[in-house]
C-alpha cells in the first residue's frame, strides 16, 4: 500500500476520525497543543506499528489491540523519537558512546595500536617483542580501551576522570575528637545519624584517629555489596554536593592523579596511534578526530580491516560535522548538551543506519532551536525520507510545516473541542482552508499578536543586578554577565553556544550554594534524600570566580525542562497538591463511611488499587532478554482502581471519572470547594484548562 489508512481513531479526545497518511513522504501533523496530534501519531501509528511488527515475529501472539481505532492498514515497523526519550542523565553516556565512535575506536586500538613496552617504554615490534629489552607483550582486547569496562577503566576514579575526596582535616579539628564528634560536625540528618549509631555503636566514643583503619574507611567511604553502596559520609556528602550545598571544603572533586582525567587504565594508555592513546582522542573534538583519522589513512600503514574501520568512523564524523556538531568532544557528557545538539545527534544515529521502509514518528524536533539550526534538522529529516522511509513529524514550526509534502491538521481547538480532522493535504490547500486555525495564521488572515510592551532595560549602576564573574564552565570563556533584577531576561544564541552552561551549570549551582539549596517554593527533605541510593555522578565542574548581588534577592525558584513527575504514579492532581484533598472528600461520602473506607481506598498506590495490575492500569508482557511491553489491564481496563473504590461516587462521578476530567471541567465541578478550585484556577489561567 502507498498509504497508511486509519478508520475510526478514537483514543483520548480523537472523535472517531478517518485519516490517510501517504508513505515515503515527509508528513507534518499540526494543530494547537492538546488537539490530539500526538494521540494519533504516537498512541496509534507508532504503538500499533511496533505491536504489529512484534506480532509478525511471534512475540505478541494472542494479544488483542486496545480499543483505539476501528481499522488500520499499510503500517510498517515504526521508530519514535520523543522529547522525553531525549532527556539524558547518565554521566557515562557521552557523545562517543552515543554515536558508537568510541566503541569503534576501542576495536581500532586493539588491532592497530602501537604498543609501548611495559618495561622500557619503547615501541615493540610487530611480533610483540621489545627490540630494546626483549620483553614480550600481548595485544589488548577492545574492552581494555573502554572506560565503561572493568578491564579498561582507571580503577582509582572508576572511569570518571575525577573523583571526590573527603578532607579529613576539615572534620577532625582535634586529635582527641571522637567518632561521635566527627559525625556531629558532619551535620548529618537524624535519620542517617541513627543508621551510623547502630552500625558503629561500639566505636562512637573512640577517638576517630585511633580507630582501626578499616573502620575509618568504612565510615568515610563505605563499601559495595551486591552492587549497592553502604552508608558512609561520602554518600551523605555526595547527595549534598548534587543538590549544590556548600560543604565548606569538606568534600571536593579532584582530577584523577592516576589517569590525568583520561578515564582509562595504564595498559590502554601505553597503546598509541600516531603518538596518541585513546583517552587523548576522547578529549578531542569531532573535527580534530576527523583530521586525525584522515592523516592516519593517508599514511597508508593500516591493514585492510583497519582501513575499512577508519573509513566507517570517518563516515560518522562527516555526518556529525555536516550537522554542525563538530565542536563536540567524544567525552562530552550527553547530560551537558543543549536540546538542539541532542536532537541532531539522535537524528544522526538514524541516518548512519541507512535503513529504509521504516516509519519514523518525531515529536517537535525543532523545539527550542535557533532559527539557523532548524535548517539542519529539516535537511536531516529530508535525508531520512530520501533513504526510503516515511517521516511523520508532530510540529508547530512554520518552516517545518512549509517544507512538508503532506499536512494533517487536527483541531480545531484543544481537549474536548479538538480531536477532529480539520484538514489534510498540501500547503496551498492549508493556506486556503477556512476551518484551520493553523492555515489562517500562516496565510496572514489572522495576524500574529504584537508585543504589548516595548519597555527595555539598559544596564546601569542604578539597576540592581546579579553578576556572574569569569565563568568558564564547559565551553564558556571567562564570561562576565550582569543580569538585571525585576525584569524578564532572555538568554539567546545557537545551540551549544553556552546558554545552558551559563545559567543551568553556573548560575544555578552558585545560587544553590549561596542559599543552601533553599528555593522559594521547593525545599528538599534531606532526611529522605540522603538515605536513598547514591547515583553515579556527572563530572561537570562549575567554574566561576564568584556571584555578586545576591543581597538583592531573598531566594530563587528553578523551572526546568525536566519531567515534573518522578514516577508513573505522579499526576497533575498530586503535583499541584489537590489529590489528597479529593481522596479525603471521597472518604467522607456516606457510602464510604458505612464501609469504613479511608482516603487510602481512593489511592491506586494503596488500598484502592486494582489487585491484578497493582494500580498501574497495565500488565507487563515479557518478551525475553529482560524486555517487556505494557498491555492494558484485563480486570480494571486501565482504570487502576478496584471495583469497591469505583462504586463510591461524588456528584455522580467516581474517582476514575475525576482523574479523567479536564482542568476546566474540574473547575466547574469543584467550584464550591475553595481549597481545590483555587489550584485549578491557576492552571486554567495559564492555558492548561482544556
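The values are calculated or read from the model by the stated rules, or taken from the named source; none is laboratory data. The model shown is predicted, which means the values in this text are computed figures rather than measured ones. So basically every Cβ, Gly included, is an ideal-geometry build from the backbone, and we count neighbours across all protein chains shown.
Determine whether the range 317-329 contains at least one residue that is at positive phi and assigned to a loop (DSSP other than H, G, I, E, B).
The answer is yes; a qualifying residue exists.
Hey, among the residues in the range 314-331 that are under 15 Å from residue 103 (Cα atoms) and in contact with a strand residue (DSSP E or B) (Cβ under 7 Å, 6 or more places away or on another chain), which one's surrounded by the fewest Cβ atoms within 10 Å (Cβ to Cβ)?
The residue in question is 329.
Identify the residue in the range 460-491 that is at positive phi and surrounded by 13 or more Cβ atoms within 10 Å (Cβ to Cβ) and, among all such residues, is modelled with the lowest pLDDT.
Going through the qualifying residues, I end up with 474.
Collect the residues in the range 343-357 that are surrounded by fewer than 24 Cβ atoms within 10 Å (Cβ to Cβ) and closer than 15 Å to residue 380 by Cβ, keeping them in residue-number order.
345, 346, 347, 348, 349, 350, 351, 352, 353, 354, 355
When residues of the range 375-413 are filtered for being out of contact with any strand residue (DSSP E or B) (no Cβ under 8 Å at 6 or more places or on another chain) and closer than 21 Å to residue 37 by Cα, how many remain?
7
Regarding residue 299, is this residue farther than 18 Å from residue 276 by Cβ and more than 24 Å from the chain's Cα centre (by Cα)?
When the stated conditions are applied, residue 299 does not pass them.
Using the structure shown, decide if residue 390 is crowded, with 17+ Cβ neighbours inside 10 Å, in contact (Cβ under 8 Å) with a residue 12 or more places away in the chain and in contact with a helix residue (DSSP H, G or I) (Cβ under 9 Å, 6 or more places away or on another chain).
Criteria not met by residue 390.
Across the range 124-147, which residue is surrounded by the most Cβ atoms within 10 Å (Cβ to Cβ) among those that are free of Cβ contacts under 8 Å to residues at least 12 places away in the same chain and touching a strand residue (DSSP E or B) at 6+ places or on another chain (Cβ under 7 Å)?
Taking the candidates together, the pick is 129.
Kindly state which strands (runs of 3 or more DSSP E) lie completely within the range 343-453 and contain at least 3 residues that are farther than 20 Å from residue 98 by Cβ.
Strands (runs of 3 or more DSSP E) meeting the threshold: 390-394, 406-411, 420-425.
Using the structure shown, decide if residue 161 is within 36 Å of the chain's Cα centre (by Cα) and over 29 Å from residue 254 (Cα atoms).
The answer is no for residue 161.
May I ask you to say which residue of 262, 292, 305 is outside any helix (DSSP H, G or I) and either touching a residue at least 24 places away in the same chain (Cβ under 8 Å) or touching a strand residue (DSSP E or B) at 6+ places or on another chain (Cβ under 9 Å) (or both)?
Selected residue: 262, the only one of 262, 292, 305 that is outside any helix (DSSP H, G or I) and either touching a residue at least 24 places away in the same chain (Cβ under 8 Å) or touching a strand residue (DSSP E or B) at 6+ places or on another chain (Cβ under 9 Å) (or both).
Restricting the range 589-612 to residues that are in contact with a strand residue (DSSP E or B) (Cβ under 9 Å, 6 or more places away or on another chain) and in a loop (DSSP other than H, G, I, E, B), which is nearest to residue 669 (Cα to Cα)?
This residue is 589.
Output yes when any residue across the range 499-522 is over 30 Å from the mean Cα position of the chain (by Cα) and at pLDDT below 75, and no when none is.
no
So for the range 620-637 (the condition being in contact with a helix residue (DSSP H, G or I) (Cβ under 6 Å, 6 or more places away or on another chain), buried (at least 17 other Cβ atoms within 10 Å of the Cβ), touching a residue at least 24 places away in the same chain (Cβ under 8 Å) and not assigned by TED's automatic domain parsing to the domain that holds residue 416), does at least one residue qualify?
Looking for residues that are in contact with a helix residue (DSSP H, G or I) (Cβ under 6 Å, 6 or more places away or on another chain), buried (at least 17 other Cβ atoms within 10 Å of the Cβ), touching a residue at least 24 places away in the same chain (Cβ under 8 Å) and not assigned by TED's automatic domain parsing to the domain that holds residue 416, one finds none in the range 620-637, hence no.
Residues that are under 18 Å from residue 414 (Cα atoms) and under 31 Å from the mean Cα position of the chain (by Cα): find the helices (runs of 4 or more DSSP H) completely inside the range 648-690 holding 2 or more of those.
Filter on the range 648-690 gives 663-669, 674-685.
So residue 98 fits all but one of (1) out of contact with any strand residue (DSSP E or B) (no Cβ under 8 Å at 6 or more places or on another chain); (2) more than 30 Å from residue 44 (Cβ to Cβ); what number is the exception?
Residue 98 satisfies every listed condition except (2).
Taking the condition of being touching a helix residue (DSSP H, G or I) at 6+ places or on another chain (Cβ under 7 Å) and either touching a residue at least 60 places away in the same chain (Cβ under 8 Å) or in a helix (DSSP H, G or I) (or both), how many residues in the range 160-194 meet it?
14
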